[in-house]
Amino acid sequence: MTDLVVEVREADAEDALRSLAGWLRADESLDGQLRGRVAPAAPAPADHMGTGFDVLELVLGSSLSTAALVISLLQWQLSRRRAPALVLSRGDVRVELTPEAARDEETLRRVMAALERGEGGAADGDGAS
């Protein structure tokens, strides 16, 4: 089961996603409580080759909080020379986190709350798109 899907809004999204996956594997604060894979956003039609890998699908361990994961995602985002926007999806909730929004504490609180509620499939739309 996929708990959180991450998309990177960048020209070379596949390389960025692989970089992000490596970052998350190396993040000691996540304590091995995260599994992930770079995957296509949707299956390719039967008569076509896939277009590449578009998303990072993450499964969180039972003791890993969404907030800890979001903090690690933001650290990766802001470490990039040109920080890309990240689109985070959980259940029916989808939020786009721009580098500017990542620096605003209130926006981050709303994003984390929306993603926490997204685990159960319900959210009021604060910070969700």
For peptides 104-111, 64-71, 25-32, 12-19, sequence by mean Cβ density within 10 Å, most packed first: 64-71, 12-19, 104-111, 25-32
Long-range amide H partners of Asp54 with built H, under 5 Å: Ala39, Ala41
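Coordinate-derived values only; no laboratory data. Remember, predicted model here, so these are calculated numbers, not experimental data. Note that each Cβ is placed from the backbone with ideal geometry, even for glycine, and that neighbours are counted across all protein chains shown.
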